[in-house]
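Accompanying notes for the structure given below.
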Amino acid sequence: MQRLHLIEKLRVPLMLAPSLLILTLLFVGGLVVGLGQSLGYMPVIGLNNFTLRHYVDVLTDNNFLQSLWVTFRIAFFSTLFSTVLAVAFALILRETFVGSQLSTFMFQVPLPIPHLVAANGIVLLVTQSGLIARLLATVGLLNSPSDFPVLVFDRAGIAIILTYLWKEVPFIGLVVLAVLKSVGPEFEELARTLGAGRWQRFWFVLMPLILPGIVSTSIIVFAFIFASYEIPLLLGVRFPTTLPVWAFNNYRDPDLNLRPEAMAVSIILTVISIILLVAYRRLARYAVTA
């Protein structure tokens, strides 16, 4: 009987073991190869000695801190704005109104759409020759489409942030919406009977309930954006660029001597991401338990 119970308990882990083993080998193998190349070990181009020179070159580069700031700024504001908008939409969509089901469906539409497709959509909308600029010029609000502000390939990265907002708001919002619907209105009704206003009910009743979901999803969003290169590569300026774009450009360069530097940037990016996420999670855990 105990043996059957043990087999039943291990059934799911054993079924997942082959896939997890392959994924672990690929991840660990890639990490080991990347770490070795970042330390200057690439026998294919005659580099056989381990060295920290590439890390020193990256960290002493005059552009490193600027690229790090650009990367952090885009990830931070994209995550912050996505979280705020997601909570606002979730509060609206939890209510029952005419067209609420259609609104919830439309809110989920961006989820399966690839980020590259979203970037192309942003380009078609907000460039100076895009749909919005032409529409404003047609109705007379602009003298010509060229008067539309530069939102793509700008140093502020507005188009990059807009793309991430369109993609990540539904991701965070659906998690918050699921939490709100599972909780129900009972806690708010109780707070209302005790004289709590709308803002007090949100801040002291709803926020502690949805904060764990916000923390977990925003961590995922921040980590993804911080390490993503596709959108900044397509919509960002060539200088200053983000750290992932820096690593990608060096990696795809025909000169293989730049490959160790690309891997060094990637490892540094990984370490910084882990440090930021650990710090954020601790602060969030303190906020939840406070």
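The values are calculated or read from the model by the stated rules, or taken from the named source; none is laboratory data. Just so it is clear, the structure is predicted and the values come from calculations on it, not from any experiment. Quick reminder, even Gly has a Cβ in these numbers, built from the backbone with ideal geometry, and neighbours come from all protein chains shown.
Taking (1) in contact (Cβ under 8 Å) with a residue 40 or more places away in the chain; (2) over 21 Å from VAL175 (Cβ atoms) in turn, GLY99 satisfies each apart from (1). Which one is nearest to THR217 (Cα to Cα), of the residues in region 86-103 that are of a type in the set (A, V, I, L, M, F, W, C) and exposed (fewer than 13 other Cβ atoms within 10 Å of the Cβ)? In this case the residue turns out to be LEU102. Annotation: ALA262 fulfils all but one of (1) of a type outside the set (Phe, Trp, Tyr); (2) over 18 Å from ALA75 (Cα atoms); (3) modelled with pLDDT under 90; the unmet one is (3).
Can you name every residue in region 143-157 that is within 18 Å of the chain's Cα centre (by Cα) and surrounded by fewer than 17 Cβ atoms within 10 Å (Cβ to Cβ)? Correct list: ALA156 only.
Among residues belonging to region 104-127 that are assigned to a loop (DSSP other than H, G, I, E, B) and in contact (Cβ under 8 Å) with a residue 24 or more places away in the chain, point out the one that is surrounded by the most Cβ atoms within 10 Å (Cβ to Cβ). Before you say what the answer is, go through the steps one by one.
First, pick out the residues of region 104-127 that are assigned to a loop (DSSP other than H, G, I, E, B): 109-114, 127.
Okay, now just the ones that are also in contact (Cβ under 8 Å) with a residue 24 or more places away in the chain, so 109-111, 113, 127.
Numbers: VAL109: 10, PRO110: 18, LEU111: 11, ILE113: 13, THR127: 20.
Checked region 104-127; the qualifying residue surrounded by the most Cβ atoms within 10 Å (Cβ to Cβ) is THR127.
Hey, can you tell me all the residues within region 146-205 that are within 30 Å of TRP69 (Cβ to Cβ) and of a type in the set (Asp, Glu)? Spell out the reasoning first.
Keep residues of region 146-205 that are within 30 Å of TRP69 (Cβ to Cβ), which gives 148-173, 175-176.
Scanning region 146-205 gives ASP154, GLU168.
Applying the set (1) out of contact with any helix residue (DSSP H, G or I) (no Cβ under 8 Å at 6 or more places or on another chain); (2) touching a residue at least 24 places away in the same chain (Cβ under 8 Å); (3) in a helix (DSSP H, G or I) to ASP154 leaves exactly one unmet item: (3). Just one of the listed residues (GLY130, GLY140) is on the phi > 0 side of the Ramachandran plot and either free of Cβ contacts under 8 Å to residues at least 24 places away in the same chain or surrounded by fewer than 17 Cβ atoms within 10 Å (Cβ to Cβ) (or both), namely GLY140. Considered as a group, the residues in region 58-89 that are farther than 20 Å from LEU206 by Cα and among the aromatic types (Phe, Trp, Tyr) include one that is modelled with the lowest pLDDT, and that residue is PHE64.
Highlighted here are the helices (runs of 4 or more DSSP H) found entirely within region 174-290 that include at least 2 residues which are more than 30 Å from ASN62 (Cα to Cα) and without any contact (Cβ under 8 Å) to a residue 40 or more places away in the chain: 186-193, 198-201, 207-227, 259-289. In this entry, ASP147 is excluded by the filter for residues that are among the charged types (D, E, K, R) and closer than 22 Å to PHE239 by Cβ. Kindly establish whether ILE214 is surrounded by 15 or more Cβ atoms within 10 Å (Cβ to Cβ), β-branched (Val, Ile, Thr) and under 30 Å from MET42 (Cβ atoms). Answer is no for this residue. When LEU21 is tested against the conditions (1) of a type in the set (A, V, I, L, M, F, W, C); (2) within 28 Å of THR217 (Cβ to Cβ); (3) more than 23 Å from the chain's Cα centre (by Cα), the lone failure is (2).
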